[in-house]
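So the structure is just underneath, and the comments pick up after that.
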Amino acid sequence: MSQITSDLLLGIFLIFCRIGGCLMIAPGFSSNRIPIQVRLFIGLATSLALAPVLLEKVHGGITSQAPAAILVYIGSELLTGILIGLLGRVYFLALQTMLSAVAMALSFSMPGTPIDEAEPLPPISSFIMMVATAVLFLSDLHWELFRGLIASYARLPLGEGLGTRLSLTQLVDQIGVAFVLALRISSPFILYSVIVNLAVGLTNKLTPQIPVYFLATPFIMIGGLLIVYFAASDYVLLFMEAFSTWLRDG
């Protein structure tokens, strides 16, 4: 095998390490409904499709490096891809956490059938998460993810390693931004739950002979469903707008 062929194959493999590591944890592509073999082939096909563009950004003469240095390159590329995918996954994890709190506040906390995640979520949480994942692909934001992967080679070139302090700082900042966004989306439901439960508690104090909590539960659930019906589309669009802003500018 010639030196050029060795450099080409190793360069494609290093590209696959970053892209595959990202797609294995990125939102949408990491869904449990997609078999692991399909995700592997998606990462391989994407790496081969982007190889003509990215091979210019990969340093030549990689095979002349020592085996230990090549292993360091492979580990660094895997961690870089996982970090990029995790930064996007944080938005969906924060939304999922706050939707579980919303379901509990609206008395919909009974777990349902697992759809996107391994653990069962309340039906209302699974429904909104499934809508957010579908909008991700319908709005072509997954192409922005690929564009960000290409641009990542300009900010994190091959062989420079992954700065631990910078990565942790960026991840913590991303978690803060994502949870603030998720709190903005879920705040009307939490506020509604606090007001309604306060009113029910006062009513129960005034009429202790009547089981007000049991009687009011269906009305609390109906009110929560009405809020979801009228505001769910706006909240999903708000979430996807913030996510698309991160994909374009992050």
Checklist entry - Along its principal axes, what span do the Cα atoms of segment 102-250 show, with the longest given first and each in whole Å? => result 73, 33, 27
Next on the checklist: Could you list Ser76, Ser139 so that the one with the fewest beta carbons within 10 Å of its beta carbon is first and the one with the most is last?
Outcome noted: Ser139, Ser76
Next on the checklist: Can you give the FRET efficiency to the nearest 0.05 for Phe214 and Thr169, using r as the Cβ-Cβ distance and R₀ = 45 Å?
Outcome noted: 0.35
Item to check | Rough spin-label spacing in nm, given labels placed 7 Å along Cα→Cβ, for Ala49 and Thr97 | outcome: 3.3 nm
Checklist entry - Got a sec? How would Trp143, Trp246 order by Cβ neighbour count within 10 Å, fewest to most? => result Trp143, Trp246
Next on the checklist: Let me spell out the model: positive unit charges on the Cβ of Lys and Arg, negative unit charges on the Cβ of Asp and Glu, origin at the Cα centre of the chain. What dipole size does that give, in debye rounded to 20?
Outcome noted: 260 debye
Checklist entry - Could you give the nm distance between label points at Glu119 and Ile42, where each point is 7 Å from its Cα heading toward the beta carbon? => result 2.3 nm
Checklist entry - Kirkwood Rh, Cα Rg: Rg to Rh for the chain? => result 1.13
Checklist entry - So if we plug the beta-carbon distance of Asp234 and Thr203 into 1/(1 + (r/R0)^6) with R0 = 25 Å, what FRET efficiency do we get, rounded to 0.05? => result 0.20
Item to check | Residues Lys57, Lys205 arranged by fewest to most Cβ contacts within 10 Å | outcome: Lys205, Lys57
Checklist entry - Among rounded, prolate and oblate, which fits segment 120-178 when a ≥ b ≥ c are the square roots of the eigenvalues of its C-alpha gyration tensor, a/c under 1.5 means rounded, and a/b larger than b/c means prolate? => result oblate
Checklist entry - Quick one: if you stick a label point 7 Å off each Cα along the C-beta vector at Asn32 and Val72, how many nm between them? => result 3.9 nm
Next on the checklist: Run the helix sum for the chain: -39,500 (n - 2.57) per DSSP H stretch of 4+ residues, divided by residue count, reported at 222 nm to the nearest 500 deg cm²/dmol.
Outcome noted: -27500 deg cm²/dmol
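A short reminder: the numbers here are calculations on the coordinates, not readings from a lab. Just so we're clear, the structure is a prediction, and the values are computed from it rather than from any experiment. All Cβ positions, glycine included, derive from the backbone under ideal geometry; neighbour counts span all protein chains shown.
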